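Please read the structure below before turning to the comments.
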Amino acid sequence: MKNFPDNFLWGAAMSAPQTEGQSLNFGKAATTWDYWFHTAPEKFHQNQGPEITSGVYDHYLDDCRRMQDIGLNSLRTSISWARLLPDGKTINQEAVDFYRQFFSAMLDHGIETMINLFHFDMPMWLMDQGGWENRRSIEAFAFYAKTSFELFGDLVKKWTTFNEPIVHVECGYLYQYHYPAIVDFRRAIQVAYHTLLAHKAAVKIFREVTQTSEIGIILNISPTYPRSEVEEDVLAAFQSDLLNTRSFLDPAVLGTIPEELTELLAEHDLLPEREAGDHELIKENLVDFIGLNYYQPRRVQAPIAPKKPAEMPADFYAAYDWPDKKMNPYRGWEIYPEALYDVALMMKKEYNNIPWYVSENGMGVADEERFMNDSGEIEDDYRIEFMKEHLSYLHQGIVEGSNCFGYHAWTFVDCWSWLNGYKNRYGFYRLDLDTLERSMKKSGRWMRAVSEKNGF
Ligand code: BGP
């Protein structure tokens, strides 16, 4: 039996743009996703867009009961900035009512509400002004954060500013999976820098508004493993970590941007524009906790034909295809649960053993109806196996002293996955896309048992 610490959070994560639906109704303004789907629907799997998603806006009351039915004691979702403040300034009362009722219902069902502010859903009015490239986005985000803390602070005791901030940077400005889908390393770095400052500005305001709650940030972590111990491969892994992990984790927890990162960017003429006062903002506003989304490791080797100045991250490290890898073929991601142990020890040794939790972990599988039994339940044993293995390695890290306070699966009910639409399903509940009916999968029953025993 693997026992987890007292008060361990067993939960799930989701986000407003991927679940709420009613995406242009009840006062909500468009995000880049609404705009992009409107202008280029063919980019989206089976033309599935953001307007309906999983219908949480209309089903939230029953959904809170469903969360309880699978033993969740906590859940993270996000507020939609474009719903709460459609023009960036004016509060939408319908949004306030919706979120207050939703968060209160969660609490009534024994679910601790953890709220994130930005989950890739840039309001279109701000994107029209340059999005995170425009330094004024920092102030706009801080206003949104303050408004949220004031409106919902009595219901939410754990806040996070951003979900996976590096993802909107790389997907929007390098790899073209998010709007504006351009390829420009220099602009990507400016976007990252302003995002970091927006996070810091929100933490600063948080400390002014409340003393009784906690704030953190959610980062995606892909521990980097070099192909070999050869110097060039090890250097590639180090640089990959600088760009992908330490760029946000170090400033969030330690208050510093790694010197090696600044030097590397300077060497390639990629430093962002900075202003006086930024240094203090970064140094002072540290988080109370960290959320880490873990799906897959990163395996790298020395870059193949590096350019200087670098034009892409591939000029610093190349992907390495490890022949022994075990794959999730649907998502194309390696399955490597051992990494959660490495992550746990990294947090202990390199980040002052700050409280942290696994804020997302899960397995996306296509065509899950193949696994439906006669009574209509999806028998997702592969998902149970996946979570068990990951939890086992996490448990070992906790036994060795890592300060991990929870595990959130991705996700509660099958949700909309950006350009992938509803291709891969991750939920404890299956969503019928025609009726929006939810039905518990076998993994939901398993989760309830784990949560009841606080282990397995
Ligand atoms: C994380 C995001 C989620 C979610 C998940 C699964 O990176 O925070 O929003 O989508 O990944 O990935 P995907 O939906 O791309 O399969």
Check: Just how far, in whole angstrom, is the range 309-328 from the range 402-456 if you go by their alpha carbon centroids?
Finding: 30
Check: Too long at a 26 Å Cα-Cα cut-off: which of Lys349/Lys441; Lys204/Lys308; Lys146/Lys349; Lys89/Lys204?
Finding: Lys349/Lys441; Lys204/Lys308; Lys146/Lys349
Notebook entry, point to check: For Tyr177 and Asp128, what is the calculated FRET efficiency with R₀ set at 22 Å and r taken between the beta-carbons, to the nearest 0.05?
Noted result: 0.60
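Could you please report the charge total around Leu394, scoring K, R as +1 and D, E as -1 over all other residues with beta-carbon less than 12 angstrom from its beta-carbon?
Summing Lys and Arg as +1 and Asp and Glu as -1 gives -2.
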Note to self: Averaged across orientations, what area in nm² does the convex hull of the alpha carbons in the range 75-123 project?
What the structure shows: 3.3
Check: Relative contact order for the chain: what is it in percent, counting Cα pairs under 8 Å that are at least 6 residues apart?
Finding: 18
Check: What are the semi-axes of the equivalent ellipsoid for the range 183-257, taken as the square roots of 5 times the Cα gyration tensor eigenvalues, largest first, in whole Å?
Finding: 30, 16, 9
Check: Which three semi-axes in whole Å describe the equivalent ellipsoid of the chain, each the square root of 5 times a Cα gyration tensor eigenvalue, listed largest first?
Finding: 31, 27, 23
Next item on the list: Go through the range 359-456 and name the GluC sites (Glu not before Pro) that are in a DSSP coil and have 12 or fewer other Cβ atoms within 10 Å of their Cβ.
Entry: Glu400, Glu437
Next item on the list: Quick one: grab the alpha carbon gyration tensor of the range 31-107, order the square roots of its eigenvalues as a ≥ b ≥ c, and give me rounded if a/c is under 1.5, else prolate or oblate depending on whether a/b is larger than b/c.
Entry: oblate
Checklist line | Mean shadow area of the range 347-401, taken as a quarter of the surface of its Cα convex hull (nm²) | finding: 5.1
Check: Counting DSSP beta bridges in the range 9-453, what percent are antiparallel, to the nearest 5?
Finding: 25
Notebook entry, point to check: Binned at 10 Å from 0, what are the whole-percent values of the Cα-Cα distance distribution for the range 299-444, short to long?
Noted result: 10, 30, 30, 23, 7, 1, 0
Check: Compactness ratio of the range 258-334: Cα Rg over 2.2 N^0.38 Å, N = residue count?
Finding: 1.53
Notebook entry, point to check: Rule-of-thumb check for the range 167-306: C-alpha Rg over 2.2 N^0.38 Å?
Noted result: 1.12
Next item on the list: Figure the gain on full extension for Glu231 and Leu107 (residue separation times 0.36 nm, minus the Cα-Cα span) and round it to one decimal in nm.
Entry: 39.4 nm
Note to self: Mean Kyte-Doolittle hydropathy of -1.0 or higher plus an axial Cα length of 30 Å or more: which whole DSSP H helices in the chain meet both?
What the structure shows: 185-209
Check: What number comes out for the charge environment of Pro180, summing +1 per Lys or Arg and -1 per Asp or Glu over other residues with Cβ under 12 Å away?
Finding: -2
Notebook entry, point to check: Just in the range 1-89: which trypsin sites (Lys or Arg not before Pro) are loop by DSSP and have at most 14 other Cβ atoms within 10 Å?
Noted result: Lys89
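Values in this text are rule-based calculations from the coordinates and carry no lab data. Since this is a predicted model, take the numbers as computed values, not measurements. Cβ: placed from backbone, ideal geometry, glycine included. Neighbour counts: every protein chain shown.
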